[in-house]
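K.L.:
One structure follows; several queries about it will come next.
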Amino acid sequence: MKGSTLFQVLAILSVIGGVLSKECTNTPTQLSSHTFRYQLLKSQNETWKQEMFAHYHLIPTDDSAWSDLLPRKILRQEADELSWSMMYKKMKNPGSFEVGGDFLKEISLHDVRLDSDSIQGRAQETNLKYLLMLDVDNLVWSFRKTANLPTPGKPYGGWEAPDVELRGHFVGHYLSATAQMWASTHNDTLKEKMSAVVSALSACQKKMGTGYLSAFPSELFDRFEAIKPVWAPYYTIHKILAGLLDQYTFANDAQALDMTTWMVEYFYNRVLNVIRMHTVERHWLSLNEETGGMNDVLYRLFAITGNPKHLLLAHLFDKPCFLGLLAVQADDISGFHANTHIPIVIGSQMRYEVTGDPLYKTISTFFMDIVNSSHSYATGGTSVSEFWSDPKRLASTLQTENEESCTTYNMLKVSRHLFRWTKEVAYADYYERALTNGVLGIQRGTEPGVMIYMLPQGRGVSKAVSYHKWGTPFNSFWCCYGTGIESFSKLGDSIYFEEEGSVPSLYIIQYVSSTLDWKSGKIVLNQKVNPVVSSDPYLRVTLTSSSKEGAEQSSTLNLRIPIWTSSKGAKATLNAQNLNLPAPGSFLQVKWSGGDKLTLNLPISKRTEQIKDDRPEYASVRAILYGPYLLSGYSSGDWDIKTGSTGSDADWISPVPAAYNNHLVTFSQESGESTFVLTNMNQSIRMEKFPKAGTDAAIRATFRLIFDDTLEKISSIEEAIGKTVMLESFDYPGMVLVQQGTENNLVVTDPPKDTATSSFGIVHGLDGKDNSVSLESVTQKGCYIYSGVNYSSSVGMKLSCNSSSSSSEAGFSQATSFTMNNGLSAYHPISFVAKGGSRKYLMVPLQSVRDESYSVYFNMQP
């Protein structure tokens, strides 16, 4: 936009509007907003500046400027106590800082062990396998190249490729993830691997000799400081610093701490040089490029070192133009890149923790409130195409590019801080919701290194067909791969918190089967959670403990009573004695001694939740939840649900009995050199190529046997031979395979009044082979479900009789014989059937879905 006149600038602003023209953003410099910011700040035309700033939000450059605008009741102290001069006076004696409050203490990952058969335990194990798959030489290749060291191995691809400016960011995440995973598992092989990465990076740093350490040359920072196009170099530096600091924190690696402080000294000098050569405003301007959580990691470092330089540098990365909006409580985050700015809020939370400045508690509390009330989906996640949209207008944003995984990772940090400060159950409830729906489902089952970037929430969407699709272990390395490997390495860090004192107190905020070595309480606590199922709508938890040898100490347990439960039917016992339960949204407090046993049974409610959209025409767009689980319905785009007029959920949604999994089958047939399966394709029956599990094709090739005798129960599918059945389509509950006369195509539709036309006898295969079956019409004996002979691609299915078939007897026997195996798909333990306008939906937790098409929001009408 070089040479733009005032008229041209005003014209552009009028076109792109207030949201897209914000100066406080991270738009790349080659686009208008970044260039405009630079031109505006460098201009000597004060009239022009005043006019332009009138179009913008308050964007002062020093936090003391906007903090003076806050109401006195928020400040609660004299203005000079918030000024930088007073802060710097305090820096002279870091030990004089008073923390902001009586925070709950984190429980070390070293002291928590997840049960391997829990959802969290399986996710952790999948992630551990991935971390062990990655090669040290390949990870550090670009670091060695930058340091002019030999480069054995070969560089990874994706965002870690040698020609990508963000290279090195994943290595920082890898250091954090391996440190946390080692604390969670004490896996010796992992310890060796992560120590080798630290040693390799140390060699690179020493070779360069300045403290600088990165996978790209320092020239990228020259461009950053010159306000020239560059891809977020401080974002990568934050990841490296955080990874090294985590190696020190979790693995006591002193070398990693030395590397961290040397790096910070280098960047401290760079930033101060920019300020000396230009102004502090020039530094603030550069922060419009994404800088990750630089303030966060620097406040963390200061808490360890007490070095005033670390505190000063943390302040300089606080991005006042964004925190200022939150400080004056302006609900105006629309148009901001979400994952650029959430880490800045996390950094402000650390500012509160290390300085005790209440302003930053107010900022993060307000931020959490506006995101949760106006910008969050039913998953607990936020953002569309990486940005925040207009508040309470989310119905217009439902698509494939919802909820960047990184944003959920970071929002969990925000809520975790707030819970530790306040002990408010609402923050723990949020943590459970976002973790359950927005994190635990970003892995593709138990496939190591296969994760998603976005979590689609439109109609008939799929994780496999979003813009990024599923990633690959060695050629993706997106930002969300980095946060993903961290998320699955620290699943035990927010189950328990403690409050120290003469009588130690433990807060249990997540119900996850696990064991805690509680050192303050001098007990080993075992938490056992029964698998949640739809047929038994209760969360059932048992707590037992044993005292450590020679330890006799009483303590207090505080158990979260989540907001999604109800008092009716809830029960808690301590050593078989009933306890009085508080209302949902509070804590059950229990005096505890070693050897006690507590049981907790909490009803799990089904409920619907309106999308965050205050337009009347979207009042019927709702999500369905079962306790903390967001339910998704298998759907190619259908979304109408009829709830009935009584207000009872029993009118429109019912659980799938667990025994139904024994009735699921897939019929396959060999033809040519391929295997084909009986498939429901748009309510028409065809033979299709054998599919991969976890796909639309797999659920379409799965049918439930409905027996003529509805009380019939079988423990294995072989017991179905000789019985009369209907074949219900797995993803179209209530619809069955129906014949339309001989030589006519079979269809899937609602059962006819005369169920005989949809009934078939399962008989031994006409081809005489072991384990084969044929499906004979009940109404037309001698007529069978028939495919064809020697087909090589999709073929329609019909009912055919031997006498009417043009094929030979042998060919007829081959075309009517199938292998009957257990279904390619199975009912999740949490499965429901919901009534729709023209069809029913099979509802399962969103976290369990792999490639299948689904909807999480429905148009719900009486």
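K.L.:
Below 8 Å, C-alpha to C-alpha, sequence gap of six or more: please give me the relative contact order for the stretch 658-822 in percent. Display every interim value, and only then the final one.
P.N.:
Working: 369 pairs, mean separation 39.6, N = 165.
Rounded, it is 24 percent for the stretch 658-822.
K.L.:
Rounded to the nearest 0.05, what FRET efficiency do Gln255 and His278 give with R0 = 35 Å and r taken as the Cβ-Cβ distance? Could you check? Write down the numbers at each step before the final one.
P.N.:
Details: r = 35 Å, r/R0 = 1.01.
In this case the efficiency is close to 0.50.
K.L.:
Between the stretch 186-235 and the stretch 610-677, what's the alpha-carbon centroid distance in Å?
P.N.:
Cα centres, the stretch 186-235 to the stretch 610-677: 47 Å.
K.L.:
Report the label-to-label distance for Ala551 and Lys753 in nanometres (one decimal), using points 7 Å from each Cα along the Cα→Cβ vector.
P.N.:
Inter-label distance under the simple model: 7.2 nm.
K.L.:
Between Lys642 and Leu132, what FRET efficiency comes out of the Förster formula 1/(1 + (r/R0)^6) with R0 = 41 Å and r the beta carbon distance, rounded to 0.05? Intermediate values should be presented prior to the final figure.
P.N.:
Numbers: r = 50 Å, r/R0 = 1.21.
Result of the calculation: an efficiency of 0.25.
K.L.:
DSSP loop chymotrypsin sites (Phe, Trp or Tyr not before Pro) in the stretch 645-711 with at most 14 other Cβ atoms within 10 Å of their Cβ, which ones?
P.N.:
Working: sites: Trp652, Tyr660, Phe667, Phe676, Phe703, Phe707; in loops: Trp652.
Qualifying residues, ordered by number: none.
K.L.:
Something else: Loop only per DSSP, at most 14 neighbouring Cβ atoms within 10 Å: give me the GluC sites (Glu not before Pro) in the stretch 444-535, ordered by residue number.
P.N.:
Working: sites: Glu486, Glu498, Glu499, Glu500; in loops: Glu500.
Answer by residue number: Glu500.
K.L.:
Each residue of the stretch 757-774 in order: what ³J(HN,Hα) in whole Hz does its phi give by Karplus 6.51 cos²θ - 1.76 cosθ + 1.60, θ = phi - 60°, with x for Gly and Pro?
P.N.:
Along the stretch 757-774, the couplings run 6, 10, 10, 9, x, 8, 10, 4, x, 5, 7, x, 7, 4, 6, 10, 9, 10 Hz.
K.L.:
Okay, next question. Quick check for you: with a 1.4 Å probe and neighbouring chains kept, what is the accessible area per residue of the stretch 658-822, in Å²?
P.N.:
It amounts to 44 Å² per residue over the stretch 658-822.
K.L.:
Another question about this same structure. Just to confirm the filter: which trypsin sites (Lys or Arg not before Pro) across the stretch 449-529 are DSSP coil and have at most 10 other Cβ within 10 angstrom of their Cβ?
P.N.:
Numbers: sites: Arg459, Lys463, Lys469, Lys490, Lys519, Lys522, Lys528; in loops: Arg459, Lys469, Lys490, Lys519, Lys522.
Those that pass, being in a loop and sparsely packed, number zero.
K.L.:
Moving on to the next point. Scan around Tyr538 for amide H atoms under 5 Å from its own, H built in the peptide plane at 1.01 Å from N, and keep only partners 5 or more places away or cross-chain.
P.N.:
Result for Tyr538 returns Val533, Ile604.
K.L.:
Additional query: What is the distance, in nm, between label points placed 7 Å from the Cα along the Cα-to-Cβ direction at Ser838 and at Thr573?
P.N.:
5.2
K.L.:
Which lysines does Lys606 reach when only Cα atoms under 22 Å apart count, and residues fewer than 8 places away in its own chain are ignored?
P.N.:
Lys568, Lys571, Lys642, Lys835, Lys840
K.L.:
Something else now. Give me the extension gain from Asn187 to Ser566: residue separation times 0.36 nm, minus the current Cα-Cα distance, reported in nm with one decimal. Walk me through the intermediate numbers first.
P.N.:
Values: separation 379, 0.36 × 379 = 136.44 nm, distance 4.11 nm.
Length gained between Asn187 and Ser566: 132.3 nm.
K.L.:
Tell me which aspartates and glutamates have Cα within less than 19 Å of Lys392's Cα, excluding those fewer than 8 residues away on the same chain?
P.N.:
Straight-distance partners of Lys392: Asp331, Asp332, Asp369, Glu401, Glu403, Glu404, Glu609, Asp613, Asp614, Glu617.
K.L.:
Cut-off under 20 Å on the C-alpha distance; same-chain residues fewer than 8 positions from Lys519 excluded. Which aspartates and glutamates are left, in chain and number order?
P.N.:
Candidates past the 8-residue exclusion: Asp102, Glu106, Asp111, Asp115, Asp493, Glu498, Glu499, Glu500, Glu549, Glu552, Asp596.
K.L.:
Something else now. If you work out Cα Rg over 2.2 N^0.38 Å from the coordinates, which of (i) 1.06; (ii) 0.99; (iii) 1.10 do you get?
P.N.:
Matching entry in (i) 1.06; (ii) 0.99; (iii) 1.10: (i).
K.L.:
Then there's this: Using the Karplus curve 6.51 cos²θ - 1.76 cosθ + 1.60 with θ = phi - 60°, what ³J(HN,Hα) values do you get for each residue of the stretch 292-304, in whole Hz, with x for Gly and Pro?
P.N.:
x, x, 4, 4, 4, 5, 6, 5, 4, 5, 4, 4, 8
K.L.:
Work out the FRET efficiency for Glu106 and Glu219 from their Cβ-Cβ distance, taking R0 = 35 Å, and round it to the nearest 0.05. Kindly include the intermediate steps, with their values, before the conclusion.
P.N.:
Numbers: r = 39 Å, r/R0 = 1.12.
According to the calculation, E is roughly 0.35.
K.L.:
Something else about it: How much length is gained on full extension from Lys591 to Leu149, taking 0.36 nm per residue of separation minus their Cα-Cα distance? The partial results should precede the final answer.
P.N.:
Numbers: separation 442, 0.36 × 442 = 159.12 nm, distance 6.00 nm.
Extra length available between Lys591 and Leu149 comes to 153.1 nm.
K.L.:
In whole Hz and in residue order, list the ³J(HN,Hα) couplings for the stretch 405-414 that follow from phi through the Karplus curve 6.51 cos²θ - 1.76 cosθ + 1.60, θ = phi - 60°; x for Gly and Pro.
P.N.:
Whole-Hz 3J(HN,Hα) from phi for the stretch 405-414: 4, 4, 5, 5, 3, 7, 5, 4, 5, 4.
K.L.:
A follow-up question, please. Would you grab the residues whose amide H sits under 5 Å from the one on Ser759? Only those 5+ places off in sequence or on another chain, please, with H modelled 1.01 Å from N.
P.N.:
For Ser759, the qualifying residues are Val778.
K.L.:
Further question: On a C-alpha basis, how far is the centre of the stretch 283-312 from the centre of the stretch 408-439 in Å? Whole number, if you could?
P.N.:
24
K.L.:
While we're on this one: Once every DSSP H run of n ≥ 4 in the chain is given -39500 (n - 2.57) and the sum is divided by its residues, what mean residue ellipticity at 222 nm do you get, rounded to the nearest 500 deg cm²/dmol?
P.N.:
Details: 25 runs with 289 residues, N = 862.
Estimated from H runs of four or more residues: -10500 deg cm²/dmol.
K.L.:
Then there is this: Accessible area per residue, 1.4 Å probe, Å², for the stretch 379-520: what's the number?
P.N.:
26
K.L.:
Under 5 Å between amide H atoms, partner at least 5 residues away or on a different chain: which partners does Gly585 have, H built in plane at 1.01 Å?
P.N.:
Ile561, Ile563
K.L.:
As a quick test, which of the pairs Lys129/Lys689; Lys145/Lys228; Lys463/Lys713; Lys689/Lys798 have an alpha carbon distance above 26 angstrom in this structure?
P.N.:
Listed pairs above 26 Å: Lys129/Lys689; Lys463/Lys713.
K.L.:
Sequence gap at least 6, Cα distance under 8 Å: using those rules, report the relative contact order of the chain to the nearest whole percent. Working shown, then result.
P.N.:
Numbers: 1796 pairs, mean separation 98.0, N = 862.
Dividing the mean separation by the residue count of the chain yields 11 percent.
K.L.:
Suppose each label sits 7 Å from its Cα in the direction of the beta carbon; what would the Val789-Ser716 distance come out to in nanometres?
P.N.:
It works out to 3.4 nm between the two label points.
The values are calculated or read from the model by the stated rules, or taken from the named source; none is laboratory data. The shown structure was predicted, so the numbers you read here are calculated from the model rather than taken from an experiment. Because the Cβ atoms are built from the backbone with ideal geometry, glycine has one as well, and the counts that use them run over all protein chains shown. These area figures cover heavy atoms from the full protein model, side chains too; ligands, DNA and RNA do not enter into them. Shrake-Rupley method; radii C 1.70, N 1.55, O 1.52, S 1.80 Å.
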